[in-house]
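Chemist: If you scroll down you'll find the structure; I have some questions about it.
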Amino acid sequence: MTSPEASPPSLSPVTADDVDQAVLLALDVLREAPPAGWDASAGTLEWTCWETVEHLSDDLFAYAVQLGPRTPPLDGEVPFLWQSRRPGGPENAVHADREAGPAGLLQVLEASGALLAAMVRTTPSRVRAHHAFGASDPEGFAAMGVVETLAHTHDLAEGLGLSWAPPAGLCVRVLGRLFPDAPTGTDPWQTLLWATGRTALPGRPRRTAWRWYGEPRGEGG
């Protein structure tokens, strides 16, 4: 895969600290959720808010374990069993014990985020691992985890009636790493929502299909 254009050379890298920050900010917001709200739909998704947190936890876990083998796979995912608990629900390897309640659900999210941050910190930058949007390095998987966290917390905030607006700098870094086709003269958070198909921008309609570019810049084939 080839990215549309190179990232600006002065762009700060996405780091494990960014993963930590994104997850901790999400947890701060989600802890304010009404106890009865977890079975509501998460924004425009077909999943409940509970299922969406499980899906987000699973994303973070999946990115962490993809970097885990001494020689990470370049032709597919580490073969955990992903399955849905109901027709139309997310296919996850990670499921939270419902009896643990919302506090337990959020602990699962925190633990999955910590796994990804730890793998990003300890995996050499030269390592590459498979992703459907391009074989990526630890920074790329960090950026993917941040995007998943910011975007799905947006979905959750809509479903739970909460306010959510992550820091602009965090949005700028992941846009530069994964979305080189995104505009740069617009509000970073609104641009990330546009890039992930969640809103329109002036002169740019809402995307009906979207992707990111996981390969490190300059490595596209």
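The values are calculated or read from the model by the stated rules, or taken from the named source; none is laboratory data. Here the structure is a predicted model, which is why all the values come from computation and not from measurement. Methodologically, a virtual Cβ is constructed for each residue, glycine included, from the backbone with ideal geometry; neighbour enumeration extends over all protein chains shown. What goes into the accessible areas is simple: the full protein's heavy atoms, side chains included, and nothing from ligands, DNA or RNA. Shrake-Rupley method; radii C 1.70, N 1.55, O 1.52, S 1.80 Å.
Chemist: Please state which one of Ala151, Ala135 is touching a residue at least 24 places away in the same chain (Cβ under 8 Å) and closer than 24 Å to Pro73 by Cα. Even if it seems obvious, please write down each step before you answer.
Modeler: Numbers: Ala151 fails: closer than 24 Å to Pro73 by Cα.
On inspection, the qualifying residue turns out to be Ala135.
Chemist: Are there any pairs with C-beta distances below 9 angstrom linking a residue in region 21-36 that is in a helix (DSSP H, G or I) to a residue that is open to solvent by 70 Å² or more (accessible area, probe 1.4 Å), with the two at least 6 apart or on different chains, and if so which?
Modeler: Hits for this filter: Val23/Glu110; Leu24/Glu110; Leu27/Glu110; Val29/Ser163.
Each row is one residue, and each column tells you yes or no for (1) modelled with pLDDT of 95 or more; (2) of a type outside the set (D, E, K, R); (3) in contact with a Cys (Cβ under 6 Å, 6 or more places away or on another chain).
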| position | (1), (2), (3) |
| --- | --- |
| Ser112 | yes, yes, no |
| Ala118 | yes, yes, no |
| Ala129 | yes, yes, no |
| Glu139 | yes, no, no |
| His152 | yes, yes, no |
| Gly159 | yes, yes, yes |
| Leu162 | yes, yes, no |
| Pro166 | yes, yes, no |
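Chemist: Let me ask you something else. Is region 197-211 home to any residue that is buried (at least 20 other Cβ atoms within 10 Å of the Cβ) and under 26 Å from Gln66 (Cβ atoms)?
Modeler: First pass over region 197-211, keeping only residues buried (at least 20 other Cβ atoms within 10 Å of the Cβ): none.
The answer is no, given that none of the residues of region 197-211 is buried (at least 20 other Cβ atoms within 10 Å of the Cβ) and under 26 Å from Gln66 (Cβ atoms).
Chemist: Looking only at region 52-104, which residues are part of a helix (DSSP H, G or I), among the charged types (D, E, K, R) and under 19 Å from the mean Cα position of the chain (by Cα)?
Modeler: The answer is Glu54, Asp58, Asp59.
Chemist: Could you tell me which of the residues Val29, Val94 is of a type in the set (Val, Ile, Thr), surrounded by 12 or more Cβ atoms within 10 Å (Cβ to Cβ) and within 17 Å of Leu115 (Cα to Cα)? Write out each step before concluding.
Modeler: On the way: Val29 fails: within 17 Å of Leu115 (Cα to Cα).
Of Val29, Val94, the one residue that is of a type in the set (Val, Ile, Thr), surrounded by 12 or more Cβ atoms within 10 Å (Cβ to Cβ) and within 17 Å of Leu115 (Cα to Cα) is Val94.
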